[in-house]
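Heads up: the structure comes next, in C-alpha coordinates.
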Amino acid sequence: MIKKRLLLAEGFIIILLIGIVTLLFWISSLSSRLDEVEVKVEEFEQTVGENSSRISDLETSVEESKSQIDEIKEELNL
(Lines give C-alpha, C1' and ligand atoms only; values in the text may rest on other atoms or scores of the structure.)
Protein backbone atom coordinates (compact mmCIF):
# COMPACT_ATOMS: atom_id res chain seq x y z
CA MET A 1 0.00 0.00 0.00
CA ILE A 2 2.78 2.41 0.93
CA LYS A 3 4.74 1.41 -2.19
CA LYS A 4 1.69 2.08 -4.31
CA ARG A 5 1.32 5.57 -2.82
CA LEU A 6 5.03 6.25 -3.30
CA LEU A 7 4.80 5.21 -6.95
CA LEU A 8 1.76 7.43 -7.44
CA ALA A 9 3.57 10.32 -5.76
CA GLU A 10 6.65 9.77 -7.94
CA GLY A 11 4.48 9.66 -11.06
CA PHE A 12 2.71 12.84 -10.02
CA ILE A 13 6.03 14.60 -9.38
CA ILE A 14 7.40 13.47 -12.74
CA ILE A 15 4.27 14.71 -14.54
CA LEU A 16 4.50 17.97 -12.60
CA LEU A 17 8.17 18.43 -13.57
CA ILE A 18 7.38 17.71 -17.23
CA GLY A 19 4.62 20.31 -17.08
CA ILE A 20 6.95 22.89 -15.51
CA VAL A 21 9.65 22.27 -18.14
CA THR A 22 7.04 22.54 -20.90
CA LEU A 23 5.81 25.84 -19.46
CA LEU A 24 9.37 27.17 -19.30
CA PHE A 25 9.95 26.36 -22.97
CA TRP A 26 6.60 27.93 -23.88
CA ILE A 27 7.45 31.11 -21.94
CA SER A 28 10.86 31.24 -23.61
CA SER A 29 9.21 30.92 -27.01
CA LEU A 30 6.73 33.70 -26.18
CA SER A 31 9.59 35.90 -25.01
CA SER A 32 11.44 35.54 -28.30
CA ARG A 33 8.23 36.24 -30.21
CA LEU A 34 7.70 39.34 -28.09
CA ASP A 35 11.20 40.51 -29.01
CA GLU A 36 10.36 40.07 -32.70
CA VAL A 37 7.12 42.01 -32.26
CA GLU A 38 8.97 44.84 -30.49
CA VAL A 39 11.43 45.09 -33.41
CA LYS A 40 8.55 45.22 -35.91
CA VAL A 41 6.77 47.89 -33.84
CA GLU A 42 9.95 49.98 -33.83
CA GLU A 43 10.22 49.58 -37.62
CA PHE A 44 6.58 50.63 -38.05
CA GLU A 45 7.10 53.65 -35.79
CA GLN A 46 10.10 54.69 -37.88
CA THR A 47 8.09 54.23 -41.09
CA VAL A 48 5.22 56.29 -39.66
CA GLY A 49 7.67 59.03 -38.72
CA GLU A 50 9.17 59.04 -42.20
CA ASN A 51 5.72 59.09 -43.80
CA SER A 52 4.62 61.94 -41.54
CA SER A 53 7.65 63.92 -42.67
CA ARG A 54 6.86 63.19 -46.32
CA ILE A 55 3.23 64.20 -45.83
CA SER A 56 4.33 67.44 -44.23
CA ASP A 57 6.67 68.13 -47.15
CA LEU A 58 3.86 67.41 -49.62
CA GLU A 59 1.49 69.71 -47.76
CA THR A 60 4.08 72.47 -47.91
CA SER A 61 4.58 71.85 -51.61
CA VAL A 62 0.83 71.96 -52.24
CA GLU A 63 0.53 75.24 -50.36
CA GLU A 64 3.40 76.71 -52.39
CA SER A 65 1.77 75.49 -55.60
CA LYS A 66 -1.56 77.01 -54.59
CA SER A 67 0.05 80.36 -53.90
CA GLN A 68 1.86 80.22 -57.26
CA ILE A 69 -1.41 79.39 -59.01
CA ASP A 70 -3.12 82.29 -57.24
CA GLU A 71 -0.31 84.64 -58.31
CA ILE A 72 -0.61 83.49 -61.93
CA LYS A 73 -4.40 83.95 -61.81
CA GLU A 74 -3.96 87.48 -60.49
CA GLU A 75 -1.43 88.30 -63.23
CA LEU A 76 -3.77 86.94 -65.88
CA ASN A 77 -6.69 88.96 -64.55
CA LEU A 78 -4.66 92.18 -64.63
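What number, in nm² with one decimal, is the all-direction average of the projected area of the convex hull of the alpha-carbon atoms of the chain? Show your work: numbers first, answer last.
On the way: hull surface 29.3 nm².
So the Cα hull casts an average projection of 7.3 nm².
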Q. What does the charge dipole of the chain about its Cα centre add up to, to the nearest 20 debye, if the Cβ of each Lys and Arg holds +1 and the Cβ of each Asp and Glu holds -1?
A. 1680 debye
Q.
Could you tell me how far the Cα centroid of the stretch 5-38 sits from the Cα centroid of the stretch 49-64, in Å?
A. 52 Å
(Q) As I understand it, the dipole of the chain uses +1 on the Cβ of Lys and Arg and -1 on the Cβ of Asp and Glu, about the Cα centre. Which of Phe12, Trp26, Asn51 lies farthest toward its positive end? (A) Phe12
Q) Could you give the accessible area per residue of the chain, probe 1.4 Å, as a whole number in Å²? A) 98 Å²
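The values are calculated or read from the model by the stated rules, or taken from the named source; none is laboratory data. From a predicted model like this one, the values you see are computed outputs, not experimental measurements. Cβ: placed from backbone, ideal geometry, glycine included. Neighbour counts: every protein chain shown. Only protein heavy atoms, including side chains, enter the accessible area calculation; ligands, DNA and RNA are left aside. Shrake-Rupley method; radii C 1.70, N 1.55, O 1.52, S 1.80 Å.
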